[in-house]
1. So how many residues does the stretch 86-112 have that are within 16 Å of ligand 2 (Cβ to nearest atom) and either among the polar types (S, T, N, Q) or outside any loop (DSSP other than H, G, I, E, B) (or both)?
2. Give the residue that is nearest to the chain's Cα centre (by Cα), with candidates limited to residues of the stretch 79-99 that are among the charged types (D, E, K, R) and within 17 Å of residue 34 (Cα to Cα).
3. Report, by residue number, each residue of the stretch 289-336 that is on the phi > 0 side of the Ramachandran plot, away from ligand 2 (no atom under 16 Å from the Cβ) and crowded, with 20+ Cβ neighbours inside 10 Å.
4. If residue 82 passes every condition in (1) part of a strand (DSSP E or B); (2) surrounded by fewer than 24 Cβ atoms within 10 Å (Cβ to Cβ) but one, which one does it miss?
5. Is it true that some residue in the stretch 23-35 is in a strand (DSSP E or B), in contact (Cβ under 8 Å) with a residue 24 or more places away in the chain and acidic (Asp, Glu)?
6. Quick check: anything in the stretch 120-143 within 16 Å of ligand 3 (Cβ to nearest atom) and of a type in the set (S, T, N, Q)?
7. Only one residue in 259, 312 is among the polar types (S, T, N, Q), within 21 Å of residue 196 (Cα to Cα) and not in a strand (DSSP E or B). Which one?
Amino acid sequence: MIDVKGWAAQDAKSPLKPIRFQRQDPGPKEVHIQVLFCGVCHSDIHQVKDEWGNTIYPCLPGHEIVGRVIRTGAQVTKARPGDLVGVGCMIDSCRQCEPCRAGEENYCEGPNSWLATYNGPMVPAAKAGKNTYGRDNTYGGYSTDLVVTEDFLLRIPAGIEPAKAAPILCAGVTTFSPLKHWRVKAGDHIAIIGFGGLGDMALKLAKALGAHVTVFTTSQDKIDSARAIGADDAVLETDKDALARFTARFDFMLSTVPQKHDLNPFVPMLKRDATLVAVGALEPMAEINHMQVAAHRRRIAGSLIGSLAETQEVLDFCAAHQITPDIELIPIARINEAYEHVESGDVRYRYVIDMESLRAAA
Ligand code: NAP
Ligand code: ZN
Ligand code: ZN
């Protein structure tokens, strides 16, 4: 057994606190990773606070993990001790269903869907009967050590700073996957709604694909910073006159707003046959005026993280295009304060935990 230190919440109302627990030694096809860095995704906060109604406690989040392999099982062929590796949102899937066989594990249709890096299977055992993974809960990357099957490891390319690679594993792939799926290409006009951790990555990735990018934000100061980061235009969502000039402008729109919100002001901005993908809110949304959707054969869609292959692709894409998220490195002891800043929109643009601070703690 491996003695591990982590930070976890014991219930929806309490802050994260240090815990000690044990992980199993790696099996024949598993690796033991020393966690170096872990990004702080807004999903971590939703999960800790049980905002999706499916949290299993203790809840130990973290799914933007970069670490160093320190030990491998006897049959491992894809990693060696010393390798710099990543672990994203998934640590297993059923591997048999049609989406899994097609390389889209993030849409696994197995009886318990995919196994999340924290909070157990995407369909928890309590809700789906017997759990095919034999694990009701999983503990994520706010911890010193992780044990994962080699099949769900990502390679961190040389040329990306390890701390900056971490957010690519969720924020990066969650925005890259829909950009690719809806075939965003050079010259397209696209919009990003909500400029936080996902928005920052979406802007950089879309610019690298050659798109003309407009950012819609609720924060006055982000108008300038979005432009400085590369946005061709940045607009305050509350400025109704400004919104009016975007009618039928966009080939693709991506909303990263982290809660129920009204898409109706944005739908008329889609061109004929164009799609607005909401990745931010994973909950019931405000009613849509379907006349606006039908009128120009527009589409409203969703998208969930990305596949393993897409995660590797976006890591390699970021290395090739020299794209990194804007991050602020924090010690684990600042995690609860960091959550408050994410919720109030005060982060620019992603916190990443330096896990050395946890290893060094008493
Ligand atoms: P974040 O850093 O908090 O960014 C969200 C941004 O949305 C904020 O910076 C803010 O940007 C804007 N915003 C916040 N509240 C708003 C409101 N009430 N109305 C309008 N805009 C608002 O969060 P994140 O880490 O990027 O994650 C965003 C969401 O994506 C979270 O809900 C997370 O759970 C979800 N997510 C989904 C997937 C998936 O697979 N679908 C994967 C990862 C994350 P401005 O200041 O620019 O307005
Ligand atoms: Zn995430
Ligand atoms: Zn499957």
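Nothing in this text is a laboratory measurement; each read-out follows from the coordinates by a stated rule. Fair warning: this is a prediction, and the values are worked out from it, not measured in the lab. Reconstructed Cβ throughout: ideal geometry from the backbone, glycine too, with neighbour counts over all protein chains shown.
1. Keep residues of the stretch 86-112 that are within 16 Å of ligand 2 (Cβ to nearest atom), which gives 86-91, 105-106.
Now drop any that are not either among the polar types (S, T, N, Q) or outside any loop (DSSP other than H, G, I, E, B) (or both), which leaves 86-87, 90-91, 105-106.
So the answer is 6.
2. Within the stretch 79-99, the match that is nearest to the chain's Cα centre (by Cα) is 83.
3. Quick first cut of the stretch 289-336, residues on the phi > 0 side of the Ramachandran plot only: 297, 305, 322.
Add one more test, that the residue is away from ligand 2 (no atom under 16 Å from the Cβ), and what stays is 297, 322.
Of everything in the stretch 289-336, nothing turns out to be on the phi > 0 side of the Ramachandran plot, away from ligand 2 (no atom under 16 Å from the Cβ) and crowded, with 20+ Cβ neighbours inside 10 Å.
4. Unmet for residue 82, out of (1) part of a strand (DSSP E or B); (2) surrounded by fewer than 24 Cβ atoms within 10 Å (Cβ to Cβ): (1).
5. yes
6. yes
7. Working: 312 fails: within 21 Å of residue 196 (Cα to Cα).
Testing whether each residue is among the polar types (S, T, N, Q), within 21 Å of residue 196 (Cα to Cα) and not in a strand (DSSP E or B) leaves just 259.
Rundown of residues vs (1) within 16 Å of ligand 3 (Cβ to nearest atom); (2) surrounded by 18 or more Cβ atoms within 10 Å (Cβ to Cβ); (3) in contact (Cβ under 8 Å) with a residue 12 or more places away in the chain; (4) within 28 Å of residue 341 (Cβ to Cβ), yes/no style:
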position	(1), (2), (3), (4)
60	no, yes, yes, yes
78	no, no, yes, no
101	yes, no, no, no
108	yes, yes, yes, no
145	no, yes, yes, yes
